[in-house]
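Below is one structure; the comments refer to it alone.
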Amino acid sequence: MSISIHSAITVPEGDSVTVKRLMPVAGLRNFDPFVLWDHFDISGCGFPDHPHRGFEAITYLFDGGMNHADNLGNVDTIHGGGAQRFTAGSGIVHSEFPDGRAHGIQLWINLPQLLKSLPPAYQQVQSDEIPETTENGGGVIRTIVGEGGAITLHSKVEYLDISVPGDSIIERSLTSDFRGFIYAVQGEAHINGHQIGNGAAAFIENESEIEIKSETGARLMWCFGKPHHEPVYQHGPFVD
């Protein structure tokens, strides 16, 4: 069994933007199959045209809106509770700017070497397209990626937005060959006895059962996947 705690750090990004970055940072370059995690809350400035290749990315919004445009001809806006996914594959150029304010997470998932040259692709889903369930005790789980989820990927991933009420417990089983992390967007929680709070994550592998317990209530992101077990060559916007 293995659980370790890491906290996001503030870094500059894009055009006059700062983000809370969990990885890649010194001491945590990636966590196969995941290669980037940025928690942002921005207004005004954003991310002008820039290229990517070799991975898939999901932008998930808690609040506000995000305008997206790319060289595939996609121009649209996602709103709070919605998400967009692009498969960079052999290469894509895109831009993202807040529609007023944008608060959310951008996650990058590595593509296996056999799929690095896939043609680029894009998917957008709004809030009402993401399935939502209520657990015993009142917890709410939104399935972004996973069984019945709204977003499709080329890697095996389960990506959830979990709202935990105060004085409650949520228990979930973990697929045996998955590893990943649980990130605290707000509030505090104990993950199998390990405490996390705003901007911190519990990284987990070789665990089969996960107990999430919160006294005050918390909003958490559950991010687990099957590793590719391949070297990760990440440099700037490219993962080769």
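The values are calculated or read from the model by the stated rules, or taken from the named source; none is laboratory data. It should be emphasised that the depicted structure is a prediction, and the values quoted were computed from it without experimental measurement. SASA here: full protein model, heavy atoms, side chains in, ligands and nucleic acids out. Shrake-Rupley method; radii C 1.70, N 1.55, O 1.52, S 1.80 Å.
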**Prompt:** P(r) of the chain in 5 Å steps, Cα pairs, percent per bin?
**Reply:** 1, 7, 14, 19, 21, 19, 11, 6, 2, 0
**Request:** For segment 16-80 and segment 211-231, write down the distance between their C-alpha centroids in whole Å.
**Result:** 19
**Asked** Quick one: length gained pulling Asn74 to Glu132 fully straight, 0.36 nm per residue minus the C-alpha distance?
**Response** 18.2 nm
**Asked** Which of the lysines could be linked to Lys116 by a straight reach, that is with a Cα gap under 18 Å, when you skip same-chain ones fewer than 8 residues away?
**Response** Lys156, Lys226
**Item:** Percent accessible area from carbon and sulfur atoms, segment 1-72, protein chains only, probe 1.4 Å
**Value:** 50
**Message:** Restricting the calculation to Cα positions, tell me the Rg (one decimal) and the Dmax (whole number) of segment 89-185 in Å.
**Reply:** 16.0, 48
**Solvent-accessible heavy-atom area per residue, rounded to whole Å², over segment 134-240 at 1.4 Å** = 44
**Complete:** Rg (one decimal) and Dmax (whole number) from the Cα set of segment 15-117, in Å, equal 13.4, 39
**Nonlocal amide H pairs with Glu96, under 5 Å, H built at 1.01 Å** = Phe47
**Asked** What translational diffusion coefficient, in µm²/s and rounded to a whole number, does the Stokes-Einstein relation yield for segment 125-240 at 10 °C and a viscosity of 1.306 mPa s, taking the hydrodynamic radius as the Kirkwood radius over Cα pairs?
**Response** 106
